[in-house]
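Written below as structure tokens is the structure these notes are about.
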Amino acid sequence: MNIKKTLAVTLLACMLPAAAMAKDLSVGVSMALFDDNFLTILRNAMQKEMQKDGVKGQMEDAKGDVSQQLQQVQNFIGQGVDAIIVNPVDTNAVKPIMDQATKAGIPLIFVNRRPQAELTDKMAYVGSDSELAGRLQMEALAKAMNGKGNVAILMGDLANESTRDRTKGVEAVVAKNPGIKVVQKQTAKFMRNDAVDVVSNWLTAGDDIQAIASNNDEMAIGALQALGKNPNHILIAGVDGTPDALQMLKNGKMVATVFQDAKGQGEGAVQAAVKLAKGEKVQKIIDIPYQLITKDNMEQFVNRNQK
């Protein structure tokens, strides 16, 4: 009987560290920017998923600074986190982050912004196909334009792959519509206020514009603010499917937006981090599909990208 008790105690002792490890997983998250509507929704989705899974999470704001983001990753490594999630400031400047995580043997997950570097072991990307977003939004605009007119493109941060790929998608659709021409293309850094300035300058210069394809909803709303009561109605489409954009769709001020699933990306990133931290395998690219939103189908998206 004593032998059985001893075995039971020994087995329990062996099991406790594993259980404790599952409960005490810690994940460091470095966001490119806290001051962004979509990224706020994404960040909140990650926090909720970590709470649900019993994961200790530490969120840091890189404030658009590449060196600050690298420092945050180094701090996470120094603290001994089990996994790191990065929403990169510059998708072309991720190699130092990857090198640091690889050297430390800590799983690294990129979310929302696809790194322009080959992922190695213990790495994954959770996000969406940005070129598809550009194609979907421009197809909606081309239809609303009856296949003719001038379009301007509001581009996001030029250091971001989503800016390049969404713009590429817009231009691919324009190329298939000989009656449509791109007459302006300028960055507003994904920011609403910057878009107000850019579009105001276009209007002041007298540019002949019938539509604006915006790389995100924030800039699309900035464009609407710049237009104000402008008698020349300009068709506008964005990307993200934020609550503010859906309200603009409802009011008939925007033609379309493209739903980017912040909740899906956030949950997917945390789940991938937990699996990699436990030594499990995950796909290197975890795709969360985009979907076109118009006034006709917007009701099914109203409760999706909530803060």
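The values are calculated or read from the model by the stated rules, or taken from the named source; none is laboratory data. These figures come from a predicted structure and were not determined experimentally. Glycine gets a Cβ as well: all are built from the backbone with ideal geometry, and neighbour counts include every protein chain shown. All accessible areas refer to the heavy atoms of the entire protein, side chains included, with ligands and DNA or RNA removed. Shrake-Rupley method; radii C 1.70, N 1.55, O 1.52, S 1.80 Å.
Key figures for this structure:
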{"quantity": "Exposed GluC sites (Glu not before Pro) absent - longest run of the chain, DSSP non-H/G/I/E/B, at most 10 other C-beta within 10 Å", "calculated": "119-279"}
{"quantity": "Neighbour cut-off at most 13 other Cβ (10 Å), DSSP loop, trypsin sites (Lys or Arg not before Pro), the stretch 42-150", "calculated": "Lys63, Lys148"}
{"quantity": "When each of Lys148/Lys295; Lys181/Lys253; Lys63/Lys295; Lys143/Lys168; Lys122/Lys168 is checked by Cα-Cα distance, pairs over 24 Å", "calculated": "Lys63/Lys295; Lys122/Lys168"}
{"quantity": "Percent carbon-and-sulfur accessible area, the stretch 130-259, ignoring ligands, DNA and RNA, probe 1.4 Å", "calculated": "48 percent"}
{"quantity": "Probe 1.4 Å, all protein chains present, accessible-area order of Thr167, Thr294, largest first", "calculated": "Thr294, Thr167"}
{"quantity": "Mean Cα-pair separation over length for the stretch 100-215, i.e. relative contact order, pairs under 8 Å, 6 or more apart, %", "calculated": "30 percent"}
{"quantity": "Degrees between helix 161-175 axis and first principal axis of the chain (Cα, 0 to 90, nearest 10)", "calculated": "40 degrees"}
{"quantity": "Separation of alpha-carbon centers, the stretch 204-247 and the stretch 55-118, rounded to whole Å", "calculated": "33 Å"}
{"quantity": "Inverse mean reciprocal Cα-Cα distance (Kirkwood Rh) of the stretch 243-307, Å", "calculated": "13.5 Å"}
{"quantity": "Using alpha-carbon coordinates, inclination of helix 37-53 to the longest axis of the chain, degrees", "calculated": "20 degrees"}
{"quantity": "Rounded D (µm²/s) - the chain, Kirkwood Rh over Cα pairs, Stokes-Einstein at 20 °C, 1.002 mPa s", "calculated": "104 µm²/s"}
{"quantity": "Asp65 versus Lys281: modelled label distance in nm, points set 7 Å from Cα along the beta carbon direction", "calculated": "4.1 nm"}
{"quantity": "Inter-part distance where the stretch 137-178 and the stretch 181-201 are each reduced to a Cα centre, Å", "calculated": "14 Å"}
{"quantity": "Cα Rg over Rh - the stretch 143-254, Kirkwood", "calculated": "0.93"}
{"quantity": "Point-to-point label distance, Asn303-Lys48, nm (Cα→Cβ direction, 7 Å offset)", "calculated": "1.1 nm"}
{"quantity": "Between 0 and 90°, nearest 10: helix 2-23 axis offset from the chain longest Cα axis", "calculated": "20 degrees"}
